[in-house]
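Notes follow the structure.
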Amino acid sequence: MSGGAVSGGAVSLVVTLPTVADTRAFGRRLAGVLRAGDLLLLSGPLGAGKTALTQGLGAGLAVLGDITSPTFVIARVHRPDPARGGRVALVHADAYRLGDAADPRAEIDDLDLDASVDEAVTVVEWGEGMVEQLVDAHLRVRIDRRDDDTRVVALEPVGGDWAERISALD
């Protein structure tokens, strides 16, 4: 795993993850700094590992149900599992198919993500330019997959105390 860097005044963390299992494990670690009201915007090409990272987040947050790609249902809500220590829900949305909509922001509004954003961790794949207005601060997560299947994950804090929180992961 590689370390953090300063970019444009904001601390960002870049990690190299050799396997899908490592991507899930990093998601579990990242879940440790998350709390209700957090918004994460995941980007990267198809197959980069966005859903694998979210599976790790779900495991770390101890939510109910299998985390699968929400591409065809657009959004899934995973309730916390109190028996495993879960305290906060995970909302997992995928805006990929909304990119072709005449007004993708209206489509996002129809999902009512703003209704749950304060009491859940909200993860939106392909959501850049569509959901940032839901909260004052968010975390951008860029995942790239190299030819050898290694994932490179870059965390970019946008406002709030994100820089401080992700520095704890380094």
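Can you work out which of the residues in region 1-14 that are hydrophobic (A, V, I, L, M, F, W, C) and in contact with an Asp or Glu (Cβ under 9 Å, 6 or more places away or on another chain) is modelled with the highest pLDDT?
Of everything passing the filter in region 1-14, Leu13 is modelled with the highest pLDDT.
Would you point out which residue out of Gly65, Gly86, Gly47 is farther than 22 Å from Val135 by Cα, touching a His at 6+ places or on another chain (Cβ under 6 Å) and surrounded by fewer than 22 Cβ atoms within 10 Å (Cβ to Cβ)?
Residue meeting the stated conditions: Gly65.
Of these, Val91, Val158, which one is crowded, with 17+ Cβ neighbours inside 10 Å, modelled with pLDDT of 75 or more, more than 19 Å from Ala48 (Cβ to Cβ) and not hydroxyl-bearing (Ser, Thr, Tyr)?
Numbers: Val158 fails: crowded, with 17+ Cβ neighbours inside 10 Å.
Unique residue meeting the criteria: Val91.
From the list Gly44, Gly37, Gly65, pick out the single residue that is modelled with pLDDT under 95 and more than 14 Å from the chain's Cα centre (by Cα).
Selected residue: Gly65, the only one of Gly44, Gly37, Gly65 that is modelled with pLDDT under 95 and more than 14 Å from the chain's Cα centre (by Cα).
Taking region 21-56 only, how many residues are of a type outside the set (Asp, Glu) and either in contact with a Phe, Trp or Tyr (Cβ under 8 Å, 6 or more places away or on another chain) or not in a loop (DSSP other than H, G, I, E, B) (or both)? Before the answer, list the steps.
So the first thing to find is which residues in region 21-56 are of a type outside the set (Asp, Glu), and the list is 21, 23-37, 39-56.
This time we only want the ones that are either in contact with a Phe, Trp or Tyr (Cβ under 8 Å, 6 or more places away or on another chain) or not in a loop (DSSP other than H, G, I, E, B) (or both), so: 21, 23-31, 39-43, 50-56.
Total satisfying the criteria: 22.
The values are calculated or read from the model by the stated rules, or taken from the named source; none is laboratory data. A quick note: this is a predicted structure, and the numbers were derived from the prediction, not measured. Glycine gets a Cβ as well: all are built from the backbone with ideal geometry, and neighbour counts include every protein chain shown.
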